[in-house]
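Asker: After the structure tokens below, expect a handful of questions from me.
None of the figures in this text is laboratory data; all of them are computed from the coordinates on show. Since the structure is predicted, the reported quantities are computational estimates derived from the model, not experimental observations. Cβ placement follows ideal geometry from the backbone for every residue including glycine, while neighbour counts extend to all protein chains displayed.
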């Protein structure tokens, strides 16, 4: 399988009050293959959305390298950059906030087609209708405004807009969390179908582990700006290595009766990313901490084949 | 079985609408909550679950037209004058909301906000109220409560704020707690903490809880009796085991089939979308999205019927004698 995206040692630090550094993303490395679904999970504030914005170069990283199709994303300029922008698209969490309320669907979806000279103005309507059909909307949506649609339909419009430039990779940042359960399944099915028909790769960012289990091939778990565990989805759900992953999985309420598994309740809140604890960043909340955890940072290493973890236990 | 604490009878809530006819949002809802019972109200956004909860506290917006009865310990809250109602709100019934930041007052310390309830309802003086507040903060597991009591809401994390809301809600040991999506704004690990806390407080204070949620996972673990709402109506209600093992309404079945499972298992979403309340279809309100719908479904709205007798072989022992009701004419066939 061909490697599509390679992220190596990427960092993003923000300067905050008192000359402190907020390490939003700290030394993150992974790669995504063609047509692969890469799941990124973690709690709010763990840096997953910052990481997404770095990959799309909506933000400049503090350090590290990002390659897309062997092109250096961070240093790309001009034509090379707009080429990358075409192949890399994003779908955001709140579709109402992501759509301009004063632009009709044909303008919102069609703009990128005109700018990138994919369609001429007179064929624009047909192109947009085709895109709308792919995401399950009728042609009568063309001249409507975002407020005339329901949440699920708006998310479909955002997906149509992302698809308009024929991307190879779509970053979906919590694409389902603003939607109702019955609509979530519709959008999830749509994403799956598009992946099969267009050979798309996804980076799916979510806090919903059920969605990750259902959807992704590979999962990375983030905590305080770092990936603490990465592995194939099935392996990870069968036997999580990192105690944080274990706690996260056990905290998921299971919609099944008579399946009361042992729940690991973590102590306290996620620490502030400005004052990251010494040693393993997870140790103050860890139920398995032992001697070296509060002083020595565990290395991120391959504990088993294709299973990466940063924990002194492995 | 425990005594009935709250009984909602034929509750209707309407709003004046642009058209000449008032728009009905909650349509003829009835249910009861017994002592130490946990009842779950499940449904998607806009189905009327929050309005139902607000009507119990008589907190509906002033333009709402409300009919029916809300009997709490035998007294109809909807007919009660405000002065008497104030003694019940916060003392006998209290409520926690989804978003703690918007429910807390940003310009008062959290300690003062909790103590206020105690001073109002329990006639405590400021000193005893503050002592009691610190004890409550300890109950909801806030570290260093003496210091935290002097802080303002913005100095706390989301999970902490929700703990403050809970401390405030249980301050006067209410007999009924209404929790409206109490963990939706929180991360899963914090959600687990809050739910465990609510569970232990329920045991300790012998509270009944009305839990409003859209998360079937929370329902499975938490609730004893479930009411599923759709378009302002209860479409199914039963003991939680019945609902999960033997759902009898197409909407409930659809909700379960929409949940993502293992990789490769296909999802069966409910087609279409929740209808707008001013464009409700004739007949069964779910019929346009229902794969079991037949001609009659589009013509006449079905009543809530009992599906109990033949459908319960899976329940072992203590179903508690709760009726299994479904608003579907084909409930027995599907």
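Asker: When a footprinting reagent is the concern and you count Cβ atoms within 10 Å, what order do A:177, B:94, B:258 take, fewest first?
Answerer: Least to most surrounded, the residues fall as A:177, B:258, B:94.
Asker: Run lengths n ≥ 4 of DSSP H only: what is the helix-derived mean residue ellipticity at 222 nm for chain A, with -39500 (n - 2.57) per run over all residues, to the nearest 500?
Answerer: -9000 deg cm²/dmol
Asker: Going by C-beta contacts inside 10 Å, put B:57, B:332, A:222 in order with the fewest on the left.
Answerer: Lowest to highest Cβ neighbour count: B:332, B:57, A:222.
Asker: Distance between Cα centroids, the range A:123-163 to the range A:211-237: provide it in whole Å.
Answerer: 32
Asker: With springs connecting C-alpha atoms under 10 Å apart, model chain A as a Gaussian network and identify which of A:35, A:97, A:139 has the largest mean-square fluctuation.
Answerer: A:97
Asker: I'd like the mean, over residues of A:182-191, of how many other protein chain beta carbons sit within 10 Å of each residue's own Cβ.
Answerer: Other-chain Cβ atoms within 10 Å of each residue's Cβ, averaged: 6.
Asker: Any idea what log10 I(q)/I(0) is at q = 0.19, 0.22, 0.23 Å⁻¹ for the range B:1-62, Debye with uniform C-alpha scatterers and no solvent?
Answerer: Once normalised to I(0) and log-transformed, intensities are -0.79, -0.99, -1.06.
Asker: How far apart, in nm, are two points set 7 Å out from the Cα along the Cα-to-Cβ line at residue B:205 and at residue B:80?
Answerer: Label at residue B:205, label at residue B:80, 1.6 nm between them.
Asker: In cubic angstrom, how much convex hull volume per residue do the alpha carbon atoms of the protein assembly as shown span?
Answerer: So the per-residue Cα hull volume is 184 Å³.
Asker: Plugging the Kirkwood radius over Cα pairs into Stokes-Einstein for the range B:1-135, at a temperature of 20 °C and a viscosity of 1.002 mPa s, what D comes out in µm²/s?
Answerer: D, rounded to a whole number, is 126 µm²/s.
Asker: Moving on to the next point. Note down the relative contact order for chain B as a percent, whole number, built from C-alpha pairs under 8 angstrom at least six residues apart.
Answerer: 19
Asker: Would you look at the GNM of chain A, springs on alpha carbons closer than 10 Å, and say which of A:171, A:274, A:218 moves the most?
Answerer: Greatest mean-square fluctuation among the candidates belongs to A:274.
Asker: Output the antiparallel fraction of DSSP beta bridges having both residues in the protein assembly as shown, as a percent to the nearest 5.
Answerer: Expressed as a percentage, antiparallel bridges in the protein assembly as shown total about 60.
Asker: Does anyone have the angle between helix A:181-198 and the longest principal axis of chain A? Alpha-carbon axes, 0 to 90°, nearest 10?
Answerer: The angle comes out at about 80 degrees.
Asker: I would also like to ask the following. Can you give the average number of partner chain beta-carbon atoms within 10 Å of each beta-carbon in peptide B:188-197, as a whole number?
Answerer: Taking all residues of B:188-197 together, the mean is 6.
Asker: Still on this structure: If you line up the long axis of helix A:105-115 against the longest principal axis of chain A, both from Cα atoms, how many degrees apart are they, to the nearest 10?
Answerer: 90
Asker: So for the pair residue B:268, residue B:69, with labels modelled 7 Å out along Cα→Cβ, what separation do we get in nm?
Answerer: A separation of 4.2 nm, rounded to one decimal place.
Asker: Right, next: Using a cut-off of under 20 Å, list every residue of the range B:260-278 whose amide N is near the label point 7 Å from the Cα of residue A:234 along the Cα-to-beta-carbon line.
Answerer: Counting only backbone N, you get B:260-267.
Asker: Rounded to a whole number, what is D in µm²/s for the range B:37-79 from Stokes-Einstein with the Kirkwood radius over alpha-carbon pairs (37 °C, 0.692 mPa s)?
Answerer: Answer from the Stokes-Einstein relation: 282 µm²/s.
Asker: A further question follows. If one puts a single equal scatterer on every Cα of the range B:133-184 and applies the Debye formula without solvent, what log₁₀ I(q)/I(0) results at q = 0.13 Å⁻¹?
Answerer: -0.30
Asker: Using a Gaussian network model of chain A with C-alpha springs under 10 Å, which one of A:63, A:47, A:39 is most mobile by mean-square fluctuation?
Answerer: Comparing A:63, A:47, A:39 in the GNM, the peak value goes to A:63.
Asker: Also: Between rounded, prolate and oblate, where does chain B land on the alpha carbon gyration tensor, with a ≥ b ≥ c its root eigenvalues, rounded for a/c under 1.5, else prolate if a/b exceeds b/c?
Answerer: Prolate.
Asker: So how tilted is helix B:110-121 from the main axis of chain B? Cα-based, degrees 0 to 90, rounded to 10.
Answerer: The answer is roughly 80 degrees.
Asker: I would also like to ask the following. So what is the 222 nm mean residue ellipticity for chain B from helices alone, if each DSSP H run of at least 4 adds -39500 (n - 2.57) and you divide by all residues, rounding to the nearest 500 deg cm²/dmol?
Answerer: Here the helix-only value at 222 nm equals -9000 deg cm²/dmol.
Asker: Based on C-alpha coordinates, I'd like the Rg and Dmax of the range B:160-287, in Å.
Answerer: Taking only Cα atoms of the range B:160-287, I get Rg and Dmax of 17.0, 50 Å.
Asker: Kindly state, to the nearest 0.05, the FRET efficiency for residue A:193 paired with residue B:151, given R0 = 60 Å and r defined as their beta-carbon distance.
Answerer: 0.75
Asker: Given contacts defined as C-alpha pairs under 8 Å and at least six residues apart, what's the relative contact order of chain A, whole-number percent?
Answerer: Result for chain A is 20 percent.
Asker: Another question, if that's okay. Can you pull the mean other chain C-beta count within 10 Å for peptide B:217-226?
Answerer: 3
Asker: Which distance in Å, rounded to a whole number, links the C-alpha centroids of the range A:6-51 and the range A:247-314?
Answerer: 18
Asker: While we're here: Name the residues of the range A:184-199 whose amide N is less than 16 Å from a point 7 angstrom out from the Cα of residue B:99 along the C-beta direction?
Answerer: Zone members listed by number: none at all.
Asker: Between the range B:21-69 and the range A:164-197, how many Å separate their Cα centres?
Answerer: After rounding, the separation between the Cα centres reads 34 Å.
Asker: When only C-alpha pairs under 8 Å and at least 6 residues apart count, what is the relative contact order of the range A:32-183, in percent?
Answerer: Over the range A:32-183, the number comes to 30 percent.
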